[in-house]
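K.L.:
Got a structure for you, written out below as C-alpha cells; questions coming shortly.
Just so it is clear, none of the values below were taken in a lab; they were calculated from the coordinates. Everything numeric here is computed off the predicted structure, so don't read it as measured data. Cβ: placed from backbone, ideal geometry, glycine included. Neighbour counts: every protein chain shown.
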C-alpha cells in the first residue's frame, strides 16, 4: 500500500511539473525607431520563446483585424471589349444584371428573374473593334444577403431584315474590390461560366469559346432573334480573409525579423503567437505601430 501511495504521489508531482513546463506564448517586439522611409528595412526584435509566430504587416490583405472576416461590403467591377459589324448598326446588344436569378439556364427561369438593364453604364462598339466598355461598378445591384449571387447577361435582339448585326465580345474581366480597395480577379472570358439560352431563332445562337463570345446574326431568310448569354453567379460579399506570414514553428528559433514596406502609411504590425502542449494551448499577440514616410 505504501509503495502504491508513493507511486501515485510521484505521478502527480511529475504531471504537475510537466504542466508548468508548457511554453509561454508571450512575445515582446521592438524596433529601433517608429518611423521609416519607403524601402527601409524594418528590423523587428523579439524577446520571448513562443512555439509559433505569424506576422501580419498591416498592409492591405495582411491586416490582423480582418483575418477571420467571411463577408464584406465588396464591389464587383467588370469591363469588356466589343465589336459590331454588318447591317445597319444600332444598340441591339444589352447588358443586364440580376441578383435573384435561380442559376437554372432556361427560358422559364430567366423570365422569372428580375433583370436590370445597365447598358447605359457601358460603352459598346459602333463599328470599331476592341471598343473598351470602361469599368462598370455593380455594387448597388448585389444581393442584400451575404451569400447571394449576382449574374450578368448579354442579350442580343434583332429583327428579320436583309442583314442582322454581328456582335463579338472580345474580352471580359470581373474584379472583386474589398472596402479597403484590395482587388481580386474573379473571372475572365475563359472562366466566367457562360451559358447561352435562345428565346427566338435557334439557328442563330451565341457561340462560346475561351477567347470570345460571338453572335453571328442572320441574313434575309432568318427570322427575328432573341438570345441571352449569362455568366455564372458571383458571390460578391464573400470575403477572402487577410493572411499572415508564418515566421516560426516549434522546430526553429527566431530572434528578429526583417521587413520592407513599399507604400507610405501608418501600419499596425501584429505578431500572433501560440504554444501548444499535450495538456493545453496558449495564445497571444504583440503589436508595433510603424509609420512609413515617402
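K.L.:
To the nearest 10 degrees, how steep is helix 2-20 against the longest Cα principal axis of the chain, on a 0 to 90 scale?
P.N.:
Roughly 50 degrees between the two axes.
K.L.:
Kindly rank 35-44, 166-175 from highest to lowest mean number of other beta carbons found within 10 Å of each residue.
P.N.:
Packing proxy ranking, top to bottom: 166-175, 35-44.
K.L.:
Oh, and also: Using Cα-Cα distances under 8 Å and only pairs 6 or more residues apart, what relative contact order does the chain have, in percent?
P.N.:
Relative contact order of the chain: 30 percent.
K.L.:
With each label point set 7 Å from Cα along the Cα-Cβ vector, what nm distance links residue 183 and residue 253?
P.N.:
Each label point lies 7 Å from its Cα, and together they span 4.6 nm.
K.L.:
Roughly how many Å is it from the Cα centre of the range 129-181 to that of the range 213-283, as a whole number?
P.N.:
Using only Cα atoms, the two centres lie 23 Å from each other.
K.L.:
Oh, and also: Can you classify the range 20-86 as rounded, prolate or oblate using the Cα gyration tensor, where a ≥ b ≥ c are the square roots of its eigenvalues, rounded means a/c under 1.5, and otherwise it's prolate if a/b beats b/c and oblate if not?
P.N.:
Verdict is prolate for the range 20-86.
K.L.:
Continuing with the same structure: Distance in nm between label sites at residue 120 and residue 37, each 7 Å beyond Cα in the beta-carbon direction?
P.N.:
The two pseudo-label positions are separated by 5.1 nm.
K.L.:
Taking 0.36 nm per residue of sequence separation and subtracting the Cα-Cα distance, how much length would be gained by fully extending the chain between residue 28 and residue 241, in nm to one decimal?
P.N.:
Value of the extension gain: 74.1 nm.
K.L.:
Would you calculate the separation in nanometres between label points at residue 159 and residue 263, each defined as 7 Å from the Cα along the Cα-to-beta-carbon direction?
P.N.:
Between residue 159 and residue 263, the simple spin-label model gives 5.2 nm.
K.L.:
Then there's this: Once a ≥ b ≥ c are taken as the square roots of the eigenvalues of the Cα gyration tensor of the chain, is the result rounded (a/c under 1.5), prolate (a/b larger than b/c) or oblate (a/b not larger than b/c)?
P.N.:
Prolate, since a/c reaches 1.5 and a/b exceeds b/c.
K.L.:
Right, something else. Per DSSP H run of at least 4 residues, take -39500 (n - 2.57); add these up for the chain, divide by its residues and hand me the 222 nm value, nearest 500 deg cm²/dmol.
P.N.:
-2500 deg cm²/dmol
K.L.:
Counting only the backbone N, which residues of the range 182-199 are under 14 Å from the spot 7 Å out from the Cα of residue 209 toward its beta-carbon?
P.N.:
190
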